[in-house]
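The values are calculated or read from the model by the stated rules, or taken from the named source; none is laboratory data. None of the values given here were measured: they were computed from a predicted structure. All Cβ positions, glycine included, derive from the backbone under ideal geometry; neighbour counts span all protein chains shown.
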Amino acid sequence: LVEDEKGAYLAKFASTKDQLDIVSLEAAAMELARNAGIDTAETRLFSLGSRQCLLVKRFDLNKAGGRNHMVSMQSLLKADGYYYAGYRDMAEVIRHASTQPGHDLQRLYKQMVFNVMIGNTDDHLKNFLMLHNDEGWRLSPAFDLVPNIGFNREHVLRIGLDNRPPDLEALLQEARHFGLKRRQQTVEVVRHVHEAVSGWSTVFKACNVPEKDAESIGRDISQRLEKY
């Protein structure tokens, strides 16, 4: 844990066991998500000698120095493990628990679209939280967004009734389960995310993603974007 005048941060370092530079890739993915209009945990990337460190701001800490309650979607769904559910299941939780369900449902849909486009297939239930603040229960900012090329082509969470990446029409049709009833509104959401993710090359360079990782991940992202 690292603290400064702006708050407390979790420090993430690359592991020698990682096949890819996960730290720089996560920094890049989080920046792409922000460019797509997704509410994310604040991040800061530092170089410490030959190593990179990603600082992720703790969003559960309040200004008084206390902690706001958080509950994972796994706990709220009473799931046996965090690999056996879908985005629709989380949408139901939001409908019943959020003080602003309409807004949070659209946030969840946008994050689902983003995960599909960057290949964040390790999108399990513990990576989604409900956070209690002054407003009540809300969907937490997004975190742990990392492209997952080569390890699992299918998403952990079902999108509709399938764990495989959906085609464009299926992605648009799925929006009705997240309160997006007008097709043109949904098209604009998907287009906005697509435009943001299309800037991956510039963001990867800014986040010092190694060339070999940028080449392989970028190729995968480009192939995904062609579908949408």
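For segment 58-74, give me each residue that is in a loop (DSSP other than H, G, I, E, B) and within 18 Å of ALA142 (Cα to Cα).
Once the filter is applied, which keeps residues that are in a loop (DSSP other than H, G, I, E, B) and within 18 Å of ALA142 (Cα to Cα), segment 58-74 yields ARG58, PHE59, ASP60, ASN62, ASN68, HIS69.
Mind checking which helices (runs of 4 or more DSSP H) fall wholly inside segment 75-185 and carry at least 1 residues that are hydroxyl-bearing (Ser, Thr, Tyr)?
Hits in segment 75-185: 87-97, 101-118.
So if I check each of ALA79, ALA64, ALA97, which one is modelled with pLDDT under 95, surrounded by 16 or more Cβ atoms within 10 Å (Cβ to Cβ) and either more than 30 Å from LEU225 (Cα to Cα) or among the β-branched types (Val, Ile, Thr) (or both)?
Unique residue meeting the criteria: ALA79.
Limited to segment 214-227, what total is found for residues that are buried (at least 20 other Cβ atoms within 10 Å of the Cβ) and either over 19 Å from the mean Cα position of the chain (by Cα) or among the small types (Gly, Ala, Ser) (or both)?
1
Do you know which of the residues in segment 108-125 that are more than 19 Å from GLN173 (Cβ to Cβ) and within 11 Å of the chain's Cα centre (by Cα) is surrounded by the most Cβ atoms within 10 Å (Cβ to Cβ)?
ILE118
Of all residues in segment 9-32, which are under 17 Å from ALA206 (Cβ atoms) and assigned to a loop (DSSP other than H, G, I, E, B)?
Across segment 9-32, the qualifying residue is only ASP21.
Among the listed residues ALA196, ALA206, identify the single one that is touching a residue at least 40 places away in the same chain (Cβ under 8 Å) and more than 16 Å from the chain's Cα centre (by Cα).
Criteria check complete, one pass: ALA206.
List the residue pairs whose Cβ atoms are under 8 Å apart, where the first residue sits in segment 75-101 and is free of Cβ contacts under 8 Å to residues at least 12 places away in the same chain, the second is surrounded by 14 or more Cβ atoms within 10 Å (Cβ to Cβ) and assigned to a helix (DSSP H, G or I), and the two are 6 or more positions apart or on different chains.
Once the first residue is free of Cβ contacts under 8 Å to residues at least 12 places away in the same chain and sits in segment 75-101, its partners that are surrounded by 14 or more Cβ atoms within 10 Å (Cβ to Cβ) and assigned to a helix (DSSP H, G or I) give GLY81/GLN74; ARG95/PRO101; ARG95/LEU105.
Quick check on GLU188: is it surrounded by fewer than 15 Cβ atoms within 10 Å (Cβ to Cβ) and outside any loop (DSSP other than H, G, I, E, B)?
It is true that GLU188 is surrounded by fewer than 15 Cβ atoms within 10 Å (Cβ to Cβ) and outside any loop (DSSP other than H, G, I, E, B).
May I ask you to list pairs of residues, at least six apart or on different chains, whose Cβ atoms are under 7 Å apart, with the first in segment 163-186 being more than 21 Å from VAL93 (Cβ to Cβ) and the second being assigned to a loop (DSSP other than H, G, I, E, B) and of a type in the set (D, E, K, R)?
Hits for this filter: ARG164/GLU154; ASP167/LYS227; LEU168/LYS227.
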